[in-house]
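The values are calculated or read from the model by the stated rules, or taken from the named source; none is laboratory data. Quick caveat: nothing in here was measured; it's all calculated off a predicted structure. Please note: Cβ atoms are built from the backbone with ideal geometry, for glycine as well, and neighbour counts cover all protein chains shown. Accessible surface is based on the protein model in full, side chains and every heavy atom, while ligands, DNA and RNA are left aside. Shrake-Rupley method; radii C 1.70, N 1.55, O 1.52, S 1.80 Å.
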Amino acid sequence: MGMNMVTNRFVFRTVELPKMPTPEYYLTAAPEMIAKAWSQAKSDLSGLISLTGLKISTPDFRSLAISARLRDAGGEGPGRLEFDIALFNFSVEMWVYYPYGAPGAESFGKATVPKEVEAYREFLTKLNGWSLGGKKLVTDKDLKGFNEEFPPKPPKPTVYKNYAEMAKKSKDDVAAFRAWAKKNPKAAKAFSDLDKSAKLAADDPGRQTALKGIDAALKDYYASF
């Protein structure tokens, strides 16, 4: 895509697994605790799901509970299970993992990131409006940086049949046309000639020539969009 992608990730929910009195408790109590935290985590992400189409699959709660039992048996203690959301170059993903020791982090949710510039800008803008616990995947600084790297294209102007119609209907459009003309020598001269002929009669040849010149510049203006 040839641009700097925005990446970020943060933990948004945790479940602290207590030390169980016997190994068997990990297979009875722990899955229920993890399932409850999982349900809460999916609820946390409801807004993000609607924005991105994030597809979430359910982990094996029993397997995660067994991992807690093995961790405890190894002297680490059952530990803390973390849920995090990540924005990578080409995807948004939800991860579940024990931060230290086995098993490794695993993704249980994924949505594709747009690859085209304007679609990606829209995607970043939407994510910039979403936050969870005061944290954002796309900060104001991230969005500003992207827009500076790839400035949004200005909206196409209202098309008038000639300059006279523009001048009659919209001072703002005239101002935008003049601003553009300052960077275009031919159009700048057309405006100069138009201003110099302002006091001439409408049927004066000099005024007519100036109006033809500014109308030609107006066509170039529209063609620049």
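Which loop-located trypsin sites (Lys or Arg not before Pro) does the range 129-225 contain, where loop means any DSSP state but H, G, I, E or B and the Cβ has at most 16 other Cβ atoms within 10 Å?
Loop-located and lightly packed - Lys161, Lys182, Lys183, Lys199.
Can you list which of the GluC sites (Glu not before Pro) found in the range 7-83 are DSSP loop residues with at most 11 other C-beta atoms within 10 Å?
Filter output for the range 7-83: Glu24.
Tell me the mean residue ellipticity at 222 nm calculated for the chain from its helices only (DSSP H runs of n ≥ 4, each -39500 (n - 2.57), averaged over every residue, nearest 500).
It comes out at -15500 deg cm²/dmol, rounded to the nearest 500.
I'd like to check one number: the per residue accessible area of the chain, probe 1.4 Å, reported in Å² as a whole number.
About 58 Å² of surface per residue is accessible.
Considering all alpha-carbon pairs of the range 183-222, what whole percent are spaced by more than 16 angstrom?
Of the Cα pairs, 29 percent sit more than 16 Å apart.
Using amide H atoms built in the peptide plane, which far-off residues or other-chain residues are under 5 Å from Ser91 H to H?
Long-range HN contacts for Ser91: Val113.
Given an 8 Å cut-off on Cα distances and at least 6 residues of separation, report the relative contact order of the range 1-129 as a percent.
So the answer I get is 29 percent.
Using a 10 angstrom cutoff on alpha carbons, build the Gaussian network for the chain and name the most mobile of Pro18, Pro99, Pro154.
For the chain, modelled as a Gaussian network with Cα springs under 10 Å, the answer is Pro154.
Mind listing P(r) for the chain? All alpha-carbon pairs, 5 Å bins, whole percents.
That works out to 1, 6, 11, 12, 9, 8, 7, 7, 6, 6, 5, 4, 4, 4, 3, 3, 2, 1, 1, 0, 0, in percent per bin.
Note down the net charge around Arg69, summing +1 for each Lys or Arg and -1 for each Asp or Glu among other residues with Cβ under 12 Å from its Cβ.
0
What number comes out for the charge environment of Thr52, summing +1 per Lys or Arg and -1 per Asp or Glu over other residues with Cβ under 10 Å away?
Taking every other residue near Thr52 into account, the sum is +3.
How do Tyr100, Tyr160 rank by accessible surface area computed with a 1.4 Å probe, from largest to smallest?
Tyr100, Tyr160
So for the chain, averaging the separation of alpha carbon pairs under 8 Å that are six or more residues apart and normalising by length, what relative contact order in percent results?
17 percent
Please give the FRET efficiency for Ala198 paired with Ala223, using the beta carbon to beta carbon distance and R0 = 22 Å, rounded to the nearest 0.05.
0.25
Please express the shape of the range 52-152 as an equivalent ellipsoid: the semi-axes are the square roots of 5 times the eigenvalues of the C-alpha gyration tensor, given largest first in whole angstrom.
So the equivalent ellipsoid measures 35, 14, 10 Å along its semi-axes.
Could you go through the range 15-31 in sequence order and give the Karplus-derived ³J(HN,Hα) for each residue, using 6.51 cos²θ - 1.76 cosθ + 1.60 with θ = phi - 60°, rounded to whole Hz, and x for Gly and Pro?
Here the 3J(HN,Hα) series is 10, 8, 8, x, 5, 7, x, 9, x, 5, 4, 5, 8, 10, 8, 5, x Hz.
Show me, for the range 108-120, the HN-Hα J-couplings you get by feeding each phi into the Karplus relation (A = 6.51, B = -1.76, C = 1.60, θ = phi - 60°), rounded to Hz, glycine and proline as x.
10, x, 7, 9, 7, 8, x, 9, 7, 4, 5, 5, 5
Tell me which residues come under 5 Å, amide H to amide H, from Tyr98 once H is placed; ignore anything under 5 positions away on its chain.
Those qualifying (amide H under 5 Å, at least 5 residues apart or on another chain) are Glu82.
For Lys199, which lysines qualify as cross-link partners when the Cα separation must be under 21 Å and same-chain residues fewer than eight apart are set aside?
Reachable lysines: Lys168, Lys169, Lys171, Lys189, Lys212.
Please give the net charge around Val92, taking every other residue with its beta carbon less than 12 angstrom from that of Val92, where Lys and Arg add +1 and Asp and Glu add -1.
Residues close to Val92 contribute a combined charge of +2.
For Arg9, what residues show an amide H to amide H distance below 5 Å, using hydrogens built from the backbone and excluding near sequence neighbours?
Close amide H contacts, sequence-distant or interchain: Leu87.
In whole Hz, what ³J(HN,Hα) sequence does the range 204-217 give by Karplus (6.51, -1.76, 1.60; θ = phi - 60°), x for Gly and Pro?
Computed from phi, the couplings for the range 204-217 are 5, x, x, 5, 4, 5, 5, 5, 5, x, 6, 5, 5, 5 Hz.
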